[in-house]
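Data first, discussion second: the structure below is written as structure tokens.
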Amino acid sequence: MEVVFQLSPEIPFRVNPKPLTVSNRSRIDFCRPLSATSDSRSRNRMFVLGMGFVGGFFAEKLKEADGVVSGTCRSDSKKEEWEKKGIDLHLFSADSPEWSLLETVKDYTHLLVSIPPLADIGDPMLRNVDLVRGKLSSGNLQWLCYLSSTSVYGDYGGAWVTEDHPPNPRTQSAKLRLAAEEGWLSLGSDLGVSTHVLRLGGIYGPGRSAIDTLLKQQHLSESQLRRASRRFTSRVHVEDICQALQASIEKPSSREIYNIVDDDPAPREEVFQYALELIEKRWKRKIETKPFLYESREQSSLRGEKRVSNEHMKNKLGVKLLHPSYKSGLQSIGEKMDNPF
């Protein structure tokens, strides 16, 4: 039977088009108590460490489905924004973490880690891994997922890479990502919970896309400049990341790694050209664009040329991409945007 989670009218989470063999014990439902007689603490509860673009998007979908969700943010202003949406957050500073937060986290059944590692420090939570292990081992945790990056693969000369290819990170940030992956996978094994690492491609979605960048007419950021001259960029729409997260909850496993990318690792300038055409077609307006600056190939090679395969995600998790190409994703974003002119 097909398992469908309708977290919002716009995003049907169709976990697997094939029959599943998931037991009732492993089926995850954030919207109802596990039994008619169970109290509120027996419901599945999601805690998101780092309510950024992806973590926040996923949390909102769970909240829309009347799920129990909380997490962390870095500022009072962000905390107030989320409270207006009905989600109470905890303030958390990655460079000086308050370990008392673990008393709250241990009461949750599901933990999504979406905090990037810090330079010279690494993953902020794993700085005190023994304390984290001790607190969570006495809690209710069933599922743990760390959001990583395809940058850990390094340079493969434009060849296709799968999860079986050995990582070879070229930058310090990618090396820290890989270390964090290994740390969370080991911690999950120690705790005996379902543990996943999702290696995400370039993330885009509503408010964060080539269309938005062109409309804002801002200079490219430093990270965007580093990606500008690459022949291939693997990317993924945030809605498909949410699909993969939901599917990984439905398919519990130990130390599983998935590449979460679309089918079309296209060059950045091709994506921006298509975004420009969509803007002109939808709003009948031409916008002034500054030429994109390209770094040298030598600098670009530090991040590595590769095309990232998503076959494992499709075959093991059964995810059917909502946006298999940047074209579908950008079309969807443009259609839902108000006229910016």
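Here segment 45-104 exposes an accessible surface that is 44 percent carbon and sulfur, computed with a 1.4 Å probe and the other protein chains kept in place.
When each of the peptides 154-162, 124-132 is scored by how many other beta carbons lie within 10 Å of its residues on average, the order from highest to lowest is 124-132, 154-162. Only lysines eight or more places from Lys306 in sequence, or on another chain, were considered; those with a Cα closer than 19 Å are Lys175. Solvent exposure of segment 127-264, expressed per residue, is 38 Å² of accessible area, with all protein chains present and a 1.4 angstrom probe. Working ranking of peptides 43-50, 334-341, 98-105 by packing, defined as the average number of other Cβ atoms within 10 Å per residue, highest first, is 43-50, 98-105, 334-341. Listed by chain and number, the lysines whose alpha-carbon sits under 19 Å from that of Lys135, ignoring those within fewer than 8 places in the same chain, are Lys106.
Counting only residues at least eight positions apart within a chain, or on another chain, the lysines with an alpha carbon under 16 Å from that of Lys316 are Lys18, Lys251. Listed peptides 280-287, 312-319 appear in the order 312-319, 280-287 once ranked by packing, highest mean of other Cβ atoms within 10 Å at the front.
The values are calculated or read from the model by the stated rules, or taken from the named source; none is laboratory data. These figures come from a predicted structure and were not determined experimentally. We place every Cβ from the backbone using ideal geometry, glycine too, and count neighbours over all the protein chains shown. In case anyone asks, the SASA skips ligands and DNA or RNA and just uses the protein heavy atoms, side chains included. Shrake-Rupley method; radii C 1.70, N 1.55, O 1.52, S 1.80 Å.
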